[in-house]
Amino acid sequence: FGDDLVVLRALGTQVVSAMQGITGLVDLALEPQADIPTVRVIFDRAALARHGLPAGQAALALETALLGREVGQIIDGQMAFPLILRYMPTDMADLDALWQTRVDMPGGARVPLGSLADIVEDRGPNFIGRENVQRRIVVTSNVAGRDLGSVVTDIRERVAAGVTLPDGYRIEYGGQFEAEAEASRLLLGLGLAAVAGIFLLLLSAFHSARDAAIVMINLPLALIGGVVGVFLGGGVLSIAALIGFISLFGIATRNGIMLVSHIRRLREDEGVTDPREAVIQGSVNRLVPILMTALSTGLALIPIALGAGQPGSEIQAPLALVIVCGLVSSTALNMFVVPAVYWTSVRPAA
């Protein structure tokens with residue numbers, strides 16, 4: 001971003017040179033701009049002042065003459081057509097005709113444009129890109145064979161080391177990277193809200209903060225395997241991986257609910273008064289249902305997880321890896337850690 005188009009194009013060329021050679025970067029290109037013939041009208045402010053004509057009014061008169069201005073509408077039945085006021089094309093055929101273009105003065109006189117401004121032939125860009133009222137030039141690229149985050153990190157380092165920005169000029173990184181960063185922040189917030197919501201629901205169901213907290217132990221147990229799944233998928237915490245964590249937390253919590261609620265039912269409804277016996281019996285009774293839940297989900301996702309690195313697997317494979325690895329750790333540890341913690345919390349004091 002900056003003011004001078006020539007400086008912007010030079011900086012854009014430097015950025016392209018700095019980005020070349022980065023692994024995984026493809027289709028690198030600078031926004032194309034072609035120089036086309038233009039006509040520049042440079043008003044003589046002293047001449048305008050002598051005639052009492054503001055520069056803005058003179059520019060508006062010239063714009064009306066060359067480009068036209070809508071001054072009304074013509075109604076034809078149910079159709080409305082704009083009425084455009086402008087000079088005849090023959091009056092703008094060349095520079096001499098433009099030089100003789102008459103401009104109305106406040107006093108009523110009509111003065112040739114040539115006596116109020118210099119008219120010169122020049123060359124300029126075929127378009128000027130702007131964003132938020134600032135001129136800008138765009139460097140575009142795609143990513144292949146690497147994750148987007150690491151490529152952007154390399155780009156930032158290369159550009160910071162190889163491009164010196166003059167005062168008033170700046171570089172912004174956007175596109176898919178910007179959207180992914182925003183989505184990651186949103187998913188992280190939603191994930192934390194989901195964890196808080198799970199705890200509140202457990203508290204409402206069990207009427208016991210202790211039992212709700214014991215069920216929540218499954219979340220860090222699932223997190224262990226989920227982190228392993230992220231590293232197996234390349235070590236990138238992508239949006240798909242975050243979605244996988246949210247899904248994994250729901251499945252892991254369900255397994256904990258099945259175990260703790262059954263132990264509670266044995267103690268409260270089945271007449272098992274010995275806490276140790278209730279924990280052991282409840283764990284044995286719920287072993288098969290919990291394993292079936294984990295196996296059915298894991299086996300369905302294993303083919304997707306094994307497709308990591310294949311075309312089209314960028315979203316599905318990281319999600320599946322997180323869920324499968326998280327299910328392995330949470331299911332294995334759930335049958336040992338949760339009963340042990342529950343027994344520790346309810347056993348009689350020595």
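The table below lists the values:
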| read-out | value |
| --- | --- |
| Inter-centroid distance (Cα atoms) of the range 169-191 relative to the range 1-42, Å | 24 Å |
| Inter-centroid distance (Cα atoms) of the range 50-94 relative to the range 146-160, Å | 50 Å |
| Cα pair distances of the range 142-238 binned at 10 Å [whole percent] | 12, 28, 26, 17, 11, 5, 1 |
| Under 9 Å, Cβ to Cβ, from residue 8 - net charge with Lys/Arg +1 and Asp/Glu -1 | +1 |
| Ellipsoid equivalent to the range 176-346 - semi-axes via the Cα gyration tensor, in Å | 33, 18, 11 |
| Exposure rule at most 13 other beta-carbon atoms within 10 Å, DSSP loop GluC sites (Glu not before Pro): the chain longest free segment | 1-171 |
| For the range 42-122, diffusion coefficient by Stokes-Einstein and Kirkwood Rh (Cα), 10 °C, 1.306 mPa s, µm²/s | 113 µm²/s |
| Rounded to the nearest 20 debye, dipole of the range 82-222 from Cβ charges on Lys, Arg, Asp, Glu | 380 debye |
| Relative contact order of the range 176-346, pairs being alpha-carbon contacts under 8 Å that are 6 or more residues apart, as % | 34 percent |
| The chain: calculated mean residue ellipticity at 222 nm from DSSP helix runs of at least 4, using -39500 (n - 2.57) | -19500 deg cm²/dmol |
| Formal net charge of residues neighbouring residue 136 (Cβ-Cβ distance under 15 Å; K, R +1; D, E -1) | -2 |
| In nm, spacing of pseudo-spin labels at residue 232 and residue 142 (7 Å Cα→C-beta vector) | 3.0 nm |
| At least 30 Å along the helix axis (C-alpha) and Kyte average at least -0.5, DSSP helices within the chain | 176-206, 239-268, 275-306, 316-346 |
| Proxy reagent accessibility, fewest Cβ within 10 Å first, across 253, 297, 38 | 38, 297, 253 |
| Label assignment, Rg and Dmax of the Cα atoms in Å derived from the structure, set (1) 20.2, 61; (2) 35.4, 111; (3) 36.9, 129 | (2) |
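Quick note: the coordinates plus some simple rules give every number you see, no bench work behind them. From a predicted model like this one, the values you see are computed outputs, not experimental measurements. Positions of Cβ are backbone-derived with ideal geometry, glycine not excepted, and every protein chain shown enters the neighbour counts.
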